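The values are calculated or read from the model by the stated rules, or taken from the named source; none is laboratory data. These numbers come from a predicted model, not from an experiment. Cβ placement follows ideal geometry from the backbone for every residue including glycine, while neighbour counts extend to all protein chains displayed.
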Amino acid sequence: MLITCECQHLKQEIKCNASKSSEGNSKKTLSCDDECARLARNQRLALALNIDPEAHKDDHIPYSNDTLKMFRENIKWAQTQEREFRVFAADDTEKRLRFKPMPAHQRAFLHSLSEDFGFDSESVDPEPHRHVAVFKTPRFVTAPMKTLLECVRIRAAVAEAALPQSTTTDADQRKLQSNNAPLNGFLLSRPRFGLTIEDLRSDLAPTLDTARPLIFDISFLPTEEIVLKTRPSPTPTLTATSLRALKPALSSLVASKRLAQATHLCALDPSLNILRRETDTGPDSAGWSQVAAKAAAPRTAPRQMAVGERSVFTVLGSKLKDAKRRKQEEEEERRKKVVVDDWEEEVRKEEEEEEETVGEQKKAKGQTEEREL
């Protein structure tokens, strides 16, 4: 379940733990922090000054290009470190933050992010225990308002809007080149909240291992989608065929474990940009080639009835007419029958007739036995 603070700014996913005797965490809430108070204050000012906050959002990015580049290389891990920075920034009593030992490229990300936050940082201790320590300085004011993921999306939107309007011929040419890209991976759209690469590897291993010798690299995209990209192969066509054969089992596994809402085949470039999905038109998808491959249904000449042959409707009409006539005759016979006034007398006559019939049968049986003797 998801719990929030009073202003709905803070959100946290926790276990329900409800039972017959306990409500569990159903009534648990979070406490608003300084950021909630700042947002509430800004909202009151906007209402007082009649300002639309949506109309005053800018595309300013408070992070360096190096920070954004390293963030895109390992989004999940980088988001965890960013949360540590924000908790440290919000706590006025904390002046120093130490991280656990880590490789050099991860320490570089922490140093770059410290610079963006206005912190001082240094690496201490020799390898393999070398780690990063972060300090608050007088130049630190507050944590950046925008998260790294928001800035990555803003950067992508700005870059897309800045592209020059190309001619139709150029656009068609680029689309044709993208559609010709061979399929080399899977795209998991709208994944479950809180998934990690380790979780995906363990859950998908039983199915992915059946696709040997294909090896998959799992990555998170800035769009919060997940890609499973095969490592380069000298036979792209064979790789695409293997992926198509693997897709039903993988889709079933993803759905059963609720890892994501949809699984698509896709073509990816080395930078994990999606060139096309299986729903796009291309040589591997259904298009005019599939339509042309289907033979047109043969035209059937109308059947000519032989001379004297009656149609089905005529035969059915005759049968219905005969059934109606027989029903009318039966009703007339019932009306002709005389209604018996004395029913007791009629019953007595029927009993006498039955006794006579039984007597005749016994007499005939006795004569038959005498002849046999």
Number of positions in the range 120-162 that are surrounded by fewer than 11 Cβ atoms within 10 Å (Cβ to Cβ), within 42 Å of the chain's Cα centre (by Cα) and either assigned by TED's automatic domain parsing to the domain that holds ARG98 or in a loop (DSSP other than H, G, I, E, B) (or both): 1
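Would it be correct to say that VAL158 is at pLDDT 85 or above and more than 30 Å from PRO236 (Cα to Cα)?
When the stated conditions are applied, VAL158 does not pass them.
Okay, residues lined up against (1) surrounded by 10 or more Cβ atoms within 10 Å (Cβ to Cβ); (2) at pLDDT below 80:
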| site | (1), (2) |
| --- | --- |
| GLU333 | no, yes |
| LYS337 | no, yes |
| VAL340 | yes, yes |
| VAL347 | yes, yes |
| GLU354 | yes, no |
| GLY359 | yes, yes |
| THR368 | no, yes |
| LEU373 | no, yes |
Condition met for ALA262 (of a type in the set (A, V, I, L, M, F, W, C), under 21 Å from ILE75 (Cβ atoms) and within 18 Å of the chain's Cα centre (by Cα)): yes
Inter-residue pairs, beta-carbon under 9 Å, first farther than 14 Å from GLU73 by Cα and in the range 103-119, second in a helix (DSSP H, G or I) and of a type in the set (Gly, Ala, Ser), 6+ apart: LEU113/ALA78; PHE117/ALA89; GLY118/ALA89; PHE119/ALA89
Filter result for the condition that a residue is in contact (Cβ under 8 Å) with a residue 60 or more places away in the chain, in contact with a Lys or Arg (Cβ under 9 Å, 6 or more places away or on another chain), among the small types (Gly, Ala, Ser) and part of a helix (DSSP H, G or I), over ALA78, ALA89: ALA78
Failed criterion for PRO126 (all others in (1) more than 30 Å from ALA156 (Cα to Cα); (2) touching a residue at least 24 places away in the same chain (Cβ under 8 Å) hold): (2)
Out of CYS36, CYS16, CYS32, sole residue that is in contact with a Leu (Cβ under 9 Å, 6 or more places away or on another chain) and either part of a loop (DSSP other than H, G, I, E, B) or farther than 25 Å from SER114 by Cα (or both): CYS32
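A quick yes/no check of all residues on (1) more than 23 Å from PHE119 (Cα to Cα); (2) part of a helix (DSSP H, G or I); (3) modelled with pLDDT of 90 or more; (4) not basic (Lys, Arg):
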residue: GLU23; (1), (2), (3), (4): yes, no, no, yes
residue: SER26; (1), (2), (3), (4): yes, no, no, yes
residue: ASN42; (1), (2), (3), (4): yes, yes, no, yes
residue: ILE61; (1), (2), (3), (4): no, no, no, yes
residue: LEU68; (1), (2), (3), (4): no, yes, yes, yes
residue: GLU94; (1), (2), (3), (4): no, no, no, yes
residue: LEU97; (1), (2), (3), (4): no, no, yes, yes
residue: LYS100; (1), (2), (3), (4): no, no, yes, no
Unique residue being of a type outside the set (Ser, Thr, Tyr) and either within 21 Å of the chain's Cα centre (by Cα) or under 17 Å from LEU149 (Cα atoms) (or both) when the list is ARG231, ARG212, ARG190: ARG190
Evaluation of LYS247 against (1) under 30 Å from CYS151 (Cα atoms); (2) of a type in the set (Lys, Arg); (3) in contact (Cβ under 8 Å) with a residue 24 or more places away in the chain (one fails), failing number: (1)
